[in-house]
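A.B. asks: What follows is a single structure, and I will ask about it in a moment.
Coordinate-derived values only; no laboratory data. Source: prediction; values computed, not measured. Cβ placement follows ideal geometry from the backbone for every residue including glycine, while neighbour counts extend to all protein chains displayed.
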Amino acid sequence: MDPVSQLASAGTFRVLKEPLAFLRALELLFAIFAFATCGGYSGGLRLSVDCLNKTESNLSIDVVFAYPFRLHQVTFEAPTCEGKERQKLALTGDFSSSAEFFVTVAVFTFLYSLAATVVYIFFQNKYRENNRGPLIDFIVTVVFSFLWLVGSSAWAKGLSDVKVATDPKEVLLLMSACKQPANKCMAVHSPVMSSLNTSVVFGFLNFILWAGNIWFVFKETGWHSSGQRYLSDPMEKHSSSYTQGGYNQDGYGSSGGRSQQASLGPPSEEFGQQPSGPTSFTNQI
């Protein structure tokens, strides 16, 4: 039997049912979705310029763009409606920084999630040895949570700018022919951005997963166990002092009760003899 089959038969894959490893597996899967929907995007739009002179018209102008969205490098040709001359234009904007940062975070989190899942399954003892593994895992989890928040927010803003820059109405304004009322310019179809919208959603879902996993990783560290010991010691001392105080209070209450009951007798007798004083005084008068 090969080592993988032995490990599987020994039940090491049961660790995937625990929250720590289960969330790592989800992070791995969602990271794939994030960089695939963003890094693999390719789209375009189609424009139409109908000149007054029909022979100069171009009813199918295709503008294709893709990741990493350096739109200022995307060029296309459009008629000027002034003879056979063509105008070479380019889209506006460079949004590669936010897109590449988002994809880079997704790739690195995928690699780390994959490595961490392998360690959880096959090297669980070494992971908890000397508390070094959980501490490193905790720090990396906090860092990647922050990077997912920053990367997703930046890419959401970048995607909004990409939509504006690739809006057919904005692109038509770049053409000199469309500034002449005699020519008719229109958008044949707009770019489809559904996969890019999905990438932003997966980005924030990754942030939620990583932020939620901070607690489960923290529970594996020595900080959590030492904190529990620190809290348990004062509670034990408080409970022992409370028990001791309660015992003394009971003793005090019982003795006080007995002494009080014992001291009630004579005053009652004396109180019963008090009327004889005034009676005897009256008789003497």
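A.B. asks: Taking the Cα centre of the range 98-198 as origin, work out the dipole magnitude from +1 charges on Lys and Arg Cβ and -1 charges on Asp and Glu Cβ, in debye rounded to 20.
C.D. replies: On the way: 8 positive and 6 negative charges, 27 e Å.
Using Cβ point charges on Lys, Arg, Asp and Glu, the range 98-198 gives about 140 debye.
A.B. asks: Using a simple charge model, +1 on the beta-carbon of Lys and Arg, -1 on the beta-carbon of Asp and Glu, nothing else, what dipole does the range 74-152 show about its Cα centre, in debye to the nearest 20?
C.D. replies: Values: 6 positive and 7 negative charges, 65 e Å.
With only Lys, Arg, Asp and Glu charged at Cβ, the dipole is about 320 debye.
A.B. asks: Pick out, in residue order, every one of the chymotrypsin sites (Phe, Trp or Tyr not before Pro) in the range 103-194 that is DSSP loop and has at most 16 other C-beta atoms within 10 Å; say none if there are none.
C.D. replies: Values: sites: Phe108, Phe110, Tyr112, Tyr120, Phe122, Phe123, Tyr127, Phe138, Phe144, Phe146, Trp148, Trp155; in loops: Phe123.
Answer in residue order: Phe123.
A.B. asks: Stretch Ser96-Ser60 to full length: gain in nm at 0.36 nm per residue minus the Cα-Cα span? Show your work: numbers first, answer last.
C.D. replies: Values: separation 36, 0.36 × 36 = 12.96 nm, distance 2.75 nm.
Between Ser96 and Ser60, full extension yields an extra 10.2 nm.
A.B. asks: Let me spell out the model: positive unit charges on the Cβ of Lys and Arg, negative unit charges on the Cβ of Asp and Glu, origin at the Cα centre of the range 16-221. What dipole size does that give, in debye rounded to 20? Kindly include the intermediate steps, with their values, before the conclusion.
C.D. replies: On the way: 17 positive and 16 negative charges, 35 e Å.
Computed about the Cα centre, the dipole is about 160 debye.
A.B. asks: Follow-up. By how many nm would the segment from Ile214 to Gln87 lengthen if fully extended, with 0.36 nm per residue of separation less the alpha-carbon distance?
C.D. replies: Working: separation 127, 0.36 × 127 = 45.72 nm, distance 5.52 nm.
Additional length available on full extension: 40.2 nm.
A.B. asks: Quickly work out the Lys163-to-Met193 label distance, labels modelled 7 Å from Cα along the C-beta direction, and quote it in nm with one decimal.
C.D. replies: Using points 7 Å along Cα→Cβ, the separation is 0.4 nm.
A.B. asks: For the range 168-174, what does the Karplus curve 6.51 cos²θ - 1.76 cosθ + 1.60, with θ = phi - 60°, yield as ³J(HN,Hα) per residue in whole Hz, taken in order and with x for Gly and Pro?
C.D. replies: Ordered by residue, 3J(HN,Hα) equals x, 5, 6, 5, 4, 5, 6 Hz.
A.B. asks: In the range 16-221, if the dipole is taken from +1 on Lys/Arg beta carbons and -1 on Asp/Glu beta carbons about the Cα centre, which of Ala211, Asn131, Ala165 is farthest to the positive end?
C.D. replies: Final value for the positive-end residue is Asn131.
A.B. asks: Charges on Cβ only, +1 for Lys and Arg, -1 for Asp and Glu, centred on the Cα centroid of the range 16-221; of Thr221, Cys51, Ala99, which one is farthest towards the dipole's positive end?
C.D. replies: Working it through, the farthest residue towards the positive pole turns out to be Thr221.
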